[in-house]
Amino acid sequence: PHLAALVLARGGSKGIPLKNIKLLAGVPLIGWVLRAAIDAGVFHSIWVSTDHDEIEKVAKQFGAQVHRRSPEVSQDSSTSLEAIREFLNHHHEVDIVGNIQATSPCLHPSDLIKVADLIQKEGFDSVFSVVRRHQFRWSEVKKGENKMTEPQNLNPAKRYRRQDWPGELYENGSFYFAKRHLIEKGYLQGGKMAYYEMRAEHSVDIDIDIDWPIAEQRVLSFGYFGKEPLKEVKLLVCSIEGCLTNGRIYVTEDHKEMVSYDYRDIVGIDLLKKRGIQVRLISERDCSKTLSAMQLGCVAKISATNKLQVLKDWQEDMGLSWKEVAYLGNEESDVECLKQAGMSGVPADACAAAQKAAGYICKSSGGCGAVREFAEHIFLLLEKVNSARKQ
């Protein structure tokens, strides 16, 4: 049977405009779940249902196909079930839909693989995700009512210790898998049902976690970053024009060139060096005078006609794996380097091709703190590496 992953990503959002493609830890929100779905390798097709051009563009960048949903199922009042049924009406080849929520960025491929087995090999008609919570519930007393609250799942005289109580299962909204015949009858849950319990640290819902910085920290700690494990970065290669500088060249009356840079980026380079990470610079131009004036003390390659070859030479000379190399670029000439490096980033104003190839998109523009921001991102991921080693 044809198993399709379907992510519903409407353009409208009452809380955060275009939330589904807002950058979370340098990646569009929808990109986290699409990466997990693709790497799971269990889906015959992966789709994003949307009514918005920008969401369609991002979905395709991450390798998904796009179903343009109609205005009728794109309203604030439209339900997920309505959008899924419309999708099935246009895709008769699909037998099972894995509806994955874009707002669950800590989803891992291993979860999706196990759920696919439940519905394809064990014969369940629908499977949905839950998380275990240890929360005591009490009945609600509305204002003006003259009555007492009552315990719902505990005896106040014999309160459980957390370690002595198994807790309760709650839907966490990460995914709902269902067979076509159920959905056509108007159900996402029904028939022979099963739940799939996700780990609490992977159960992050952006609809609830309104504080975006907190959600970013959770994703950096527990998110899925790709098939290969992260390694400690030992080399950062940074393009000079458009990353370390803003790409502008000022020419004086006596034909001298001047560029500007942000002191925060210099601090970022110093911090990287103190952590034992080498920083090397690369440029297609002959900017030797600029580098001399900056006094950065970094190895640099100028007038580089083939940036990828320079990067490969440095990687081999240092005896590094690609997972130990980070690259910050901003132009089409940087694309192949961004694809090759284990960790890649671009400033906010990088060209579209570079943004598509990068794993992290900075909030800062080139020459305005992007290097420092990418350095901070590297440090956060190194914490994740060190944490994994301790475990």
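The values are calculated or read from the model by the stated rules, or taken from the named source; none is laboratory data. These numbers come from a predicted model, not from an experiment. Don't worry about glycine lacking a Cβ; one is built from the backbone with ideal geometry, like all the others, and counts go over all protein chains shown. Calculation scope for accessible area: heavy atoms of the full protein, side chains included, ligands and nucleic acids excluded. Shrake-Rupley method; radii C 1.70, N 1.55, O 1.52, S 1.80 Å.
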Going by average Cβ density within 10 Å per residue, which order do the peptides 349-356, 360-367 take, highest to lowest?
360-367, 349-356
How large is the helix-only mean residue ellipticity at 222 nm for the chain, computed as the sum of -39500 (n - 2.57) over DSSP H runs with n ≥ 4, divided by its residue count, in deg cm²/dmol to the nearest 500?
-9500 deg cm²/dmol
What accessible area per residue comes out for the chain, rounded to a whole number of Å², with a 1.4 Å probe?
50
Pop out the ³J(HN,Hα) list for segment 321-326 in order, Karplus 6.51 cos²θ - 1.76 cosθ + 1.60 with θ = phi - 60°, rounded to Hz; leave Gly and Pro as x.
7, 5, 5, 9, 10, 10
For the chain, find the longest principal axis of its Cα atoms and tell me its angle to the long axis of helix 29-40, 0 to 90°, nearest 10.
80
Considering just Cα atoms, how many Å³ per residue does the convex hull of segment 235-389 enclose?
107
Using θ = phi - 60° and the Karplus curve 6.51 cos²θ - 1.76 cosθ + 1.60, what whole-Hz ³J(HN,Hα) does each residue of segment 211-219 get, with Gly and Pro shown as x?
6, 4, x, 5, 4, 4, 5, 5, 5
Carbon plus sulfur fraction of accessible area for segment 145-229, probe 1.4 Å, in percent
51
Trypsin sites (Lys or Arg not before Pro) within segment 44-149: DSSP coil, no more than 14 neighbouring Cβ in 10 Å
121, 137, 142, 143, 147
Efficiency of FRET from Cβ geometry, residue 201 and residue 159, R₀ 25 Å, rounded to 0.05
0.45
Residue 322 and residue 363 label points (each 7 Å along its Cα→Cβ direction) are spaced in nm at 3.1
Estimated inter-spin distance, residue 118 and residue 79, nm [label 7 Å along Cα→Cβ]
2.2
Tell me whether segment 1-129 comes out rounded, prolate or oblate; compute the Cα gyration tensor, take square roots of the eigenvalues as a ≥ b ≥ c, and use a/c under 1.5 as the rounded threshold.
oblate
Within segment 51-71, whose backbone N sits under 20 Å from a point 7 Å along Cα→Cβ of residue 22?
51-59
0 to 90° range, to nearest 10: angle between helix 307-317 axis and the chain longest Cα axis:
90
For segment 235-389, with all protein chains present and a 1.4 Å probe, just round the carbon and sulfur fraction of the accessible area to a whole percent.
46
List 79, 50, ordered by accessible area with a 1.4 Å probe, largest first:
79, 50
Solvent-accessible area, 1.4 Å probe, carbon plus sulfur percent, for segment 12-71:
51
Using modelled backbone amide H atoms (1.01 Å from N, in-plane), which distant-in-sequence or interchain residues come within less than 5 Å of residue 8's amide H?
49, 100, 102
What fraction of the DSSP beta bridges in the chain is antiparallel, stated in percent and rounded to the nearest 5?
35
I need two numbers for the chain: Rg to one decimal and Dmax as a whole number, Cα atoms only, in Å.
24.8, 87
Which FRET efficiency value, to the nearest 0.05, is calculated for residue 217 and residue 256 with the Förster distance at 35 angstrom and r the Cβ-Cβ distance?
0.15
Given points 7 Å out from each Cα along the Cα-Cβ axis, report the residue 310 to residue 134 separation in nanometres with one decimal.
5.5
Between the helical axis of 263-274 and the dominant principal axis of the chain, each derived from Cα atoms, what acute angle in degrees is found, rounded to the nearest 10?
80
Exposed GluC sites (Glu not before Pro) absent: longest stretch of the chain, with sites in DSSP loops and at most 11 other Cβ within 10 Å deemed exposed:
254-391
